[in-house]
1. Output yes when any residue across the stretch B:29-36 is closer than 30 Å to B:Thr323 by Cα, part of a helix (DSSP H, G or I) and over 21 Å from the mean Cα position of the chain (by Cα), and no when none is.
2. Go through (1) touching a strand residue (DSSP E or B) at 6+ places or on another chain (Cβ under 7 Å); (2) over 30 Å from B:Asp233 (Cα atoms); (3) touching a residue at least 12 places away in the same chain (Cβ under 8 Å) one by one and return the number of the condition B:Pro452 breaks.
3. Somewhere in the stretch B:288-302, is a residue part of a loop (DSSP other than H, G, I, E, B), farther than 30 Å from A:Gly20 by Cβ and either modelled with pLDDT under 95 or over 22 Å from the mean Cα position of the chain (by Cα) (or both)?
4. Would you confirm whether or not the stretch B:334-351 contains a residue that is more than 9 Å from chain A (Cβ to nearest Cβ) and more than 30 Å from B:Ala438 (Cβ to Cβ)?
5. Considering each residue of the stretch B:71-90, count those that are in a loop (DSSP other than H, G, I, E, B), closer than 21 Å to B:Ala130 by Cα and in contact (Cβ under 8 Å) with a residue 24 or more places away in the chain, and give that number.
6. Among B:Leu413, B:Leu422, B:Leu375, B:Leu434, which is the only one that is more than 14 Å from every other protein chain (Cβ to nearest Cβ) and in contact with a Phe, Trp or Tyr (Cβ under 7 Å, 6 or more places away or on another chain)?
7. Out of B:Leu263, B:Leu298, report the one residue that is buried (at least 21 other Cβ atoms within 10 Å of the Cβ) and either under 16 Å from B:Leu395 (Cβ atoms) or in contact with a Ser or Thr (Cβ under 7 Å, 6 or more places away or on another chain) (or both).
8. Which of the residues spanning the stretch B:301-322 are buried (at least 18 other Cβ atoms within 10 Å of the Cβ) and more than 10 Å from every other protein chain (Cβ to nearest Cβ)?
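The values are calculated or read from the model by the stated rules, or taken from the named source; none is laboratory data. None of the values given here were measured: they were computed from a predicted structure. Virtual Cβ from ideal backbone geometry, glycine too; neighbours counted across all protein chains shown.
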Amino acid sequence: MKESQTDLTLLVQARAAAIGLDLSDRCLPGVLTNTELLGQYADLLNRHVFSDECEPAFEYVP
Amino acid sequence: MRDLSPPGALELATSIRTGERTARDVVEATLETLSSKDRSIHSVTHLFSEEACRQADAVDALRKRGETLPPLAGVPFGVKDLFDIADHVTTAGSIVLRSNPPAKQDAAVVQRLRQAGAIPVATLNMDEFAYGFATENAHYGTTLNPHDTSRMAGGSSGGSAAAVAAGFLPLSLGSDTNGSIRIPASLCGVWGLKPTFGRLPREGAYPFAASLDVVGPFARNISDLAASFYIMDGGDRIPEPAVAGSWETLRIARLEDWFADNLSEPMVRALESVCAALDVTRTVSLPEVAIARASSFLITAAEGGNLHLPRLKEQADSYDPATRDRLLAGAMLPADTYLKAQRFRRWFREQIHAVFRDEADVLIAPAVMGEAPKLDEPTVTVGGKVVSARANLGLFTQPLSLPGVPVLTVPVLVSKGLPLGLQFVAAPGCEDKLFRVAWHLERAGLAGCRLPKCAGTV
């Protein structure tokens, strides 16, 4: 479900607070745009069904 | 366009070894070219004039004493502005790192090239912290495409591609996280190699996204590209070019579906011509390419954001605002999304390994949709919609970044317009297969570099 702009602003501000980041008003519009874009890519990824055995590729060997 | 190409790296090394030219003469001519002609494309950010001349003199002294010269003795090269050069501050296209101490030593791959006799002469422009496909840098300016200065050079290693395309340098280094070697190589019409993830050492190359970053070379011919790759790979000898016909035993296929849509007419013709020349009749479809691209994008955003978060908290306004806002959004990406992207990478790795096991040795795909976009109209068409080129030039490169496979950008010579590049993709560690096909195409006159009007002479 897509957040409204107000919801997205609140969400971004909450995420920023969670990592000790003080977002200035100058940054906010650009950060919102980029967060929305990343959200679209995350939606795509969320469609994929993983087996429990599929581990993250941290020690990655191609 | 002119036909007369400047000498390549190996050709220059031979002329120095045989005494036809001195290393000093070659380096001075290169520095003069970069000083006088680069203003037309703005690929250079710093020249190492004194150090380069000193190293050239050392090469000439070695030859005078009758000692054997290493394989690239006296050959000038440039580096993307994120490789450490001893005694210089590495800025990574930013002003944020300007007060850092100078590098104590060269980046590992620069060390290996220097040990082979090559001489770093310049740092080359890039998108700030390598986060972009345009080489439009708020601090150091925009690099222009040497073939048409009203068009994009591509990025983020745009200075490295443009300097080689213009004939200013025979060789340069770049880095590729989502396409930063392959996109500028394609738009500027030079050879560019994104090696297998993890194969070349990254020490001394300023990081962006550790899960995906690789370093690699640009060159004007495939022999120079392969030689520089094998030297940076730590080999003590450069393999001979493949014998004629050795490519014929390879199973070559064209990637379809995702990689066949959104192409310009010239790119369609280029793909068809190259596939016809290689007798390619098979097509291969990779699964879930859109998610592979998304995962690459998300991992990059999260790791890049995390890397810069401490500095962003202190001096966000010192960043290019566009870079800053991308990094900030990435830094706040939920762990769930990042972990899913890393799990998807594991899954996608299995799929692409199956393709190389069961179906093909080399896969062919476009590097970008078509010719370089105009700087004042930076758009491409995706899904019938006109969209930002800066955000979408990685459409075909990002999915292939995720599995870490080696990808060679091949500059095709089948159209008379602006440069077009194809991606040749192999299984991990199989760069030699890419070179075998590339040598055949170069010999057949189907791939190579054309010289633009602003070209330099070394």
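1. Checked against the condition, which is being closer than 30 Å to B:Thr323 by Cα, part of a helix (DSSP H, G or I) and over 21 Å from the mean Cα position of the chain (by Cα), the stretch B:29-36 yields at least one hit.
2. (1) is the only condition that B:Pro452 fails.
3. Our first condition is that a residue be part of a loop (DSSP other than H, G, I, E, B); within the stretch B:288-302, this holds for B:288.
The next check asks that each one be farther than 30 Å from A:Gly20 by Cβ; those that pass are B:288.
Restricting the remaining residues to those that are either modelled with pLDDT under 95 or over 22 Å from the mean Cα position of the chain (by Cα) (or both) gives B:288.
Within the stretch B:288-302, one or more residues are part of a loop (DSSP other than H, G, I, E, B), farther than 30 Å from A:Gly20 by Cβ and either modelled with pLDDT under 95 or over 22 Å from the mean Cα position of the chain (by Cα) (or both).
4. yes
5. 6
6. B:Leu434
7. Values: B:Leu263 fails: buried (at least 21 other Cβ atoms within 10 Å of the Cβ).
From the options B:Leu263, B:Leu298, the qualifying one is B:Leu298.
8. Selection gives B:Glu303, B:Gly304, B:Leu307, B:His308, B:Asp320.
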